[in-house]
Every structure is written in structure tokens, then in C-alpha cells.
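Worksheet for the structure shown next.
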Amino acid sequence: MKRFLVIGFFFLFVFGSCSSGGKMVQEGSSTKGLREFLVRISGQAILFGHQDDLAYGIGWKAVPGQSDVKRTSGSYPSVFGWEIGNIGDATNLDGVPFDSIRDYIQRAYRMGGINTISWHARYPVTGFDAWNLTSIEVSSLLPGGESHDLLVKELDLVAGFLASLKDDSGNPIPVIFRPWHEMYGSWFWWGSATCSSEEYRQLFRFTVDYLRNKKGLNNLLIAFSPDKGFDTKEEYLARYPGDDVVDVLGFDDYGDFKQNRLDWVVIKLGIVADLAREKGKISAFTETGSDRLEIPNWYTSNLLQVLNASEKTRNISYVLVWRNKDLSHFFVPAPDHPQSDDFRTFVNDKLIFLLDDVKTMNQ
Ligand code: BMA
């Protein structure tokens, strides 16, 4: 059953997006196939993703072909998350070399997976990390501001990396780029404590305009990805930068699970799914998880419950859990973890698609 629902979508994504010549490429849209795949999978299945899946996991690092999702379930995830904080250095803020990230993205794409990229950006003026709120003045980064050129310098580095993502034939690899996320919280310098709503919208709009129009990048779907700090559509949209610069509506939520407020996760997924339908966008659960799997059987007793709660929640296109740094910080159980059976039950549910499920659509 799992495999027959969405027959043909995989072909559309991989081959549609690689097609050379013809209208698609002239339109500057290597993302067309990816967008159509995500729209059409909505309501049929929810793709499962994992941050840094190919880069490292519990007890291993940079082992070719390795993946904690695969070790425990038998298949790679269908969505792969990557991080470009500290762009300009040799390695990202979590110690993964950018050259390796490029390789992993190429590999995931070659296998038929979808890549999404987050950016915990340093503050361009001081170079302090994304969480450091010292001397923040976002207005100075915007066009006309005294430090605008420093933002542009960072965006040039981001653009260089994104432009280098090419498939085996040299065509751009489509990716979901998720800048300036969790903006309603006050932990990042673009958050509510240090950046006004108007500044935020301008920062987001400038970023997308610069990457797409100035740098000519045509391989990006852009995700707007608040934290859990909204209870209504209006609150979700308080910093929304505009339909013309957003393709994916998502949100990140760990806290509602921690506080056992599953009803609120369902409401928030519903808000995102409703808005995506109204606006013709893709909806996603862009980040979630239970750190160290502290919540018993989190995958079936929490995540599957909220994803499978209603027709609306089942319309979400993908869900991504965070990284497996080590035993102090992980979200996918290693094979010997007591919750590995629970994880397998979750991924075997007909709603949830790993990479193998996507591939068998074509058999
Ligand atoms: C956070 C943590 C940090 C990491 C950051 C960016 O949630 O995992 O350890 O540096 O994401 O990946």
C-alpha cells in the first residue's frame, strides 16, 4: 500500500528537475520538480528527514555510506538537513567541513533524497555566534545601513556555496534554504529581543532578493520557519516576509512535546497546513525531536500521533528531526537504543516515507 499511492512522483522530482533545455531551465527553475513533488506528496505521505544524517552519528564520524537512520531502520531518510553556520571557514559551526557537506548533498540528491539547509548565521559585524546578543543593531545591516556591506559579504559566501551544489551533469541541485529561522523567540540575533518585525521582514526580503536576483541562484525553495511561539494564524504571520519570497511554510517545535502539549502541536501543524493550502505553498515540520529521547517512545506516542491527528496534519510534506551529535545530544535512536523498536514502528507506518519508500514508488 505504502508504495503505490504516489507512483511517478519520484521520477518527476529527479528527472523533472534535471531536465536540460526546454522551458523549465529557461524559466530559471531547477526547483520546479522539487516543488511539484512536495505538493503532490502532501496528503499521501510525510517524508522523514534527519539533520547531518550522512556526516556523523552515535559513535561514528565521516564513515562513507553510514547513517543512523539507516543503521536502525534499514533505509536512509528521504530528507537530509545540513547547516552552513560559519560559512567562510573550512568547517561549519558543528565541525563538518563545507567540502564534505557539498559531497553529502550531492550524494543525497543522487540517491533521490531532498536536501534542506539551515543557517545559524554569525552576526556579521562582530562575528559572534547566532546566539550572542551583544551590540546587535539589525537596521545597520539593511540597505543604506552602515554595516550593510558586511551582510552582503556573508551572503556572497552563502551564494558561493549554494551555487556550487551541482549534480553529476553540472546542473544545479535544488535545495530548501531556511534562513533566519525561529524568529519569534529571543535566542538568535534576528529574534524578537534584538530585531523588530519590520527589520526582520527587510532582512529576509533582502536575503532572498540578493540570492535569487543579484546572484542568479535558481535552485532555492525558501522556507519560513518560526519557532513554537504562535497560537493563531495572525501570530504565525506577524513577521511573514511575503508570498513572493517564501515557498515552504514550516515551524520548529521541541518545547510543546517536552511540556506534553501535543494538542498544541496539532493546532500549530493545522495552522501551517491551512496557510499553505490558502497560499499555494508547501507545509513542513521543519525541526523537531526529543533530545536524548527523554520522552518514552517519542516516535510513536508523540510524533506519529500529531502527524496522524487529522487530514490537515497529514498534509504536511515532511518532518525533520535534529542531529545525532553523541549520547549527550541526539534525536534518532542508534540500533542498540531501547527505543529503536519504537523508531522502526514509526518509520514502518504507511504515512511515513524514508528513501526506500520513495524509491519503491517506481517499481
Ligand atoms: C543546535 C544544537 C547545537 C548546534 C546548532 C546548529 O540545536 O544542535 O549544538 O551547533 O543546533 O546545528
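Nothing in this text is a laboratory measurement; each read-out follows from the coordinates by a stated rule. Because the structure is predicted, anything quoted here is derived from the model rather than measured. Quick reminder, even Gly has a Cβ in these numbers, built from the backbone with ideal geometry, and neighbours come from all protein chains shown.
Dividing the summed -39500 (n - 2.57) terms of all DSSP H runs of n ≥ 4 by the residue count of the chain sets its mean residue ellipticity at 222 nm at -9000 deg cm²/dmol. With the convex hull drawn over the C-alpha atoms of the chain, the volume per residue is 128 Å³. Modelled this way, with points 7 Å down the Cα-to-C-beta line, the labels at residue 62 and residue 350 are 4.5 nm from one another.
Over the stretch 94-220, what is the relative contact order in percent, taking alpha-carbon pairs closer than 8 angstrom and at least six residues apart? For the stretch 94-220, the relative contact order is 29 percent.
Pairs spanning more than 21 Å between alpha-carbon atoms, out of 32/70; 32/215; 32/268: 32/70; 32/268. Taking Cα centre as origin and charging only the Cβ of basic (Lys, Arg, +1) and acidic (Asp, Glu, -1) residues, the dipole magnitude of the stretch 208-363 rounds to 400 debye.
Among the GluC sites (Glu not before Pro) in the stretch 144-246, those located in a DSSP loop and surrounded by at most 14 other Cβ atoms within 10 Å of their own Cβ are 146.
Under the Kirkwood approximation applied to all pairs of distinct alpha-carbon atoms, what is the hydrodynamic radius of the stretch 236-363 in Å? Computed over the stretch 236-363, the radius equals 15.6 Å. Computed with the Debye formula from one identical point scatterer per Cα of the stretch 91-175, without solvent, the log10 of I(q)/I(0) at q = 0.11, 0.12 Å⁻¹ comes to -0.40, -0.46. With distances taken between every two different alpha-carbon atoms, the stretch 49-149 has a Kirkwood hydrodynamic radius of 15.2 Å.
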